[in-house]
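I have placed the structure first, in the form of structure tokens, so that the comments after it can refer back to it.
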Amino acid sequence: MADLKERLLPIKPASALSLREASYRPSASGRQPFHGVDVWGLKKRGQGLRSWIRVDASGNSQIIEVDKFTMMRRCDLPARDLRLLDPLFVYPSTILGREKAIVVNLEQIRCIITADEVLLLNSLDSYVLQYVVELQRRLTGVNEVWQSDDGDPNRRRSRNFDNVYGNTCPDYLPFEFRALEVALEAACTFLDSQAAELEIEAYPLLDELTSKISTLNLERVRRLKSRLVALTRRVQKVRDEIEQLMDDDGDMAEMHLTEKKRRMESSFYGDQSLMGYRSTDGISASAPVSPVSSPPDSRRLEKSLSIARSRHESMRSSDSATESVEELEMLLEAYFVVIDSTLNKLTSLKEYIDDTEDFINIQLDNVRNQLIQFELLLTTATFVVAIFGVVAGIFGMNFTIPLFDDEGAFKWVLIITGITGFTIFSAFVWFFKYRRLMPL
């Protein structure tokens with residue numbers, strides 16, 4: 001991996017290095033020219049060049065520096081599609097099929113796939129480097145298999161690719177589908193690994209929270225739930241994007257770039273052969289043909305050849321389009337199952353968190369109810385004790401009655417007041433149980 005990083009790092013040109021050294025070299029007057037100005041940064045900002053990793057159909061990779069407008073002309077893409085690949089902006093996962101390219105934005109994998117090459121923004125992210133290495137390995141393995149099989153083409157087509165790169169690929173896929181497959185696999189693997197890490201962290205934390213409800217555990221669960229919601233949103237977007245492609249045959253047919261390129265080349269060579277046939281008959285291909293001077297047989301033959309070629313091309317294109325749609329649909333369906341499984345795991349984890357929250361709320365409600373019951377009993381006891389205060393207040397008045405001269409009067413007052421208070425307290429408790437305000 002370290003060798004690949006060194007190989008993929010763009011090398012600064014010597015002119016730029018000499019320009020930077022010259023900018024900090026003092027002049028004859030003792031001043032430094034361009035003092036405080038980064039000339040190399042100004043040059044890069046002025047040109048707008050970006051470093052791209054290019055992987056061709058043979059598995060060879062190289063670093064190229066291309067500006068945005070050159071890339072737009074090279075891949076026939078609008079500016080808004082290239083904006084999806086800008087690492088400074090965060091866009092949801094997207095797979096767009098264009099006339100000459102497929103724009104892929106799946107998590108860390110942001111690339112442009114054409115019929116002959118894959119262009120990725122040069123990055124030292126480990127998943128981008130793994131994507132390049134895996135794509136090179138698969139392309140090299142497939143090329144070796146097809147070069148070693150020089151026999152029957154049907155035998156080459158039915159060869160099992162499990163021995164090549166350990167993946168189930170029952171039929172040969174064009175270059176753009178293989179590059180798209182590696183991108184989907186990288187994105188699904190990345191999301192599934194994040195979901196697995198979240199599961200490993202979540203279940204022990206939730207079990208600890210159910211056993212001990214504390215502020216620290218609640219805060220940790222809150223952060224965990226925030227990460228879960230964000231990851232679920234990303235997985236859901238990838239799943240929806242794959243499902244949308246599977247539901248639209250037109251978009252899937254649009255992504256078969258190799259077939260479109262082959263049709264364009266066959267149409268070009270057909271026109272060239274037709275022009276050659278006309279030139280052999282003595283008719284200039286560049287000069288306009290007069291209907292009076294042209295032989296009717298040659299015009300009739302030319303028309304019939306054109307009609308037959310167009311019919312043949314339409315039949316072949318319809319058959320190949322149907323086959324390419326089926327191939328891409330099977331490819332997308334395989335990774336749709338994978339991403340759907342990841343989404344199910346996240347959904348199960350979210351349900352477990354919701355169940356834990358419900359359990360905690362039930363526990364808190366139970367404690368709250370116990371506190372309310374205790375407060376009710378305490379309020380009743382306070383009311384009973386207040387009766388003693390009323391009696392004490394009455395007998396504390398400054399007046400004289402014969403009861404004060406009796407020696408056992410104080411004892412009887414306490415006994416009667418205590419019995420009365422106990423009776424009132426028992427009546428309140430019975431009322432609370434009768435109205436089911438307290439457990440029986």
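Across segment 205-212, rounded Karplus estimates of 3J(HN,Hα) from the backbone phi angles (6.51 cos²θ - 1.76 cosθ + 1.60, θ = phi - 60°) give 5, 5, 5, 5, 5, 5, 7, 9 Hz, Gly and Pro being marked x. Legend: residue pairs Lys225/Lys345; Lys237/Lys260; Lys411/Lys433, Cα-Cα distance threshold 26 Å; pairs beyond threshold, Lys237/Lys260; Lys411/Lys433. On a per residue basis, segment 369-435 carries 80 Å² of accessible surface, using protein heavy atoms and a 1.4 Å probe.
Solvent-accessible area assigned to carbon and sulfur over segment 369-435 amounts to 73 percent, based on a 1.4 Å probe.
The values are calculated or read from the model by the stated rules, or taken from the named source; none is laboratory data. Predicted model only: the values in this text are computed from it and were never measured. Protein only, heavy atoms only, side chains kept; ligands, DNA and RNA dropped before computing areas. Shrake-Rupley method; radii C 1.70, N 1.55, O 1.52, S 1.80 Å.
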